[in-house]
Amino acid sequence: MKIKHPLLLAALLLLTGSCLAQKSFLERYSKMDGVTTVYISKTMLQIMPQMEIYADIDLQEFSGRLTGILILTSEKESITKQMRSEATEFYSGKAFEVLMKIKDDESLVSFYIRRKNEQRIAELVMLVDDEDEFVIIQMIGDLTMEDIKKMTKDVQFDH
């Protein structure tokens, strides 16, 4: 069999590998002792759209476009160090782009997105790096940049 579009095939394989690596990365931490894991399904988001997940992110208007939210956090020093290193390396890769970073005296909050295409966002990831805690918030869905702008307009990081 002759492959007509080898570059397209290579790109598809790279994206598939990246998604599998992320799933493996997040699953490994979600099963680890010392890590608190919260998964919110699409159904739960539709039932309780006013749920506050972290930093006053307003999900009410977007609950129908989100397919799930995963939150991983740890206060255990050895785990936070490992999570911080792996997450920063992973989300700084080619599949994600930095949307915004906010640093104050106590924490660094980084937002990353993975696009479906030029107009649609498949994933929004927020990394919250405090001295004593590290939090990964992954939101999967079908969003636009305008959705993300509205979702985060009133974000306040009071810890």
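Couple of notes before you dig in:
This table checks each residue for (1) part of a helix (DSSP H, G or I); (2) modelled with pLDDT of 90 or more.
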{"position": "50", "(1), (2)": "no, no"}
{"position": "55", "(1), (2)": "no, no"}
{"position": "61", "(1), (2)": "yes, no"}
{"position": "64", "(1), (2)": "no, no"}
{"position": "68", "(1), (2)": "no, yes"}
{"position": "71", "(1), (2)": "no, yes"}
{"position": "93", "(1), (2)": "no, no"}
{"position": "102", "(1), (2)": "no, no"}
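- Taking the stretch 114-128 as the range and being over 15 Å from residue 92 (Cα atoms) and either of a type in the set (A, V, I, L, M) or touching a helix residue (DSSP H, G or I) at 6+ places or on another chain (Cβ under 7 Å) (or both) as the test, the residues that pass are 121, 122.
- Options 103, 153, 149; residue that is surrounded by fewer than 14 Cβ atoms within 10 Å (Cβ to Cβ), touching a residue at least 60 places away in the same chain (Cβ under 8 Å) and farther than 16 Å from residue 70 by Cβ: 153
- Restricting attention to the stretch 73-91 and to residues that are under 11 Å from residue 129 (Cα atoms) and not in a helix (DSSP H, G or I), the residue that is nearest to the chain's Cα centre (by Cα) turns out to be 73.
- Residues located in the stretch 27-38, provided they are on the phi < 0 side of the Ramachandran plot and either without any contact (Cβ under 8 Å) to a residue 12 or more places away in the chain or touching a helix residue (DSSP H, G or I) at 6+ places or on another chain (Cβ under 8 Å) (or both): 27, 28, 29, 31, 32, 33, 35, 37
- Any hit, the stretch 137-146, residues being closer than 24 Å to residue 28 by Cβ, charged (D, E, K, R) and touching a residue at least 40 places away in the same chain (Cβ under 8 Å): no
- Check on residue 41, closer than 22 Å to residue 88 by Cα, surrounded by fewer than 13 Cβ atoms within 10 Å (Cβ to Cβ) and either at pLDDT below 80 or under 16 Å from the mean Cα position of the chain (by Cα) (or both): no
The values are calculated or read from the model by the stated rules, or taken from the named source; none is laboratory data. These numbers were taken from a predicted model, which means no experiment stands behind them. Here the Cβ is made from the backbone with ideal geometry for all residues, glycine too, and neighbour counts use every protein chain on show.
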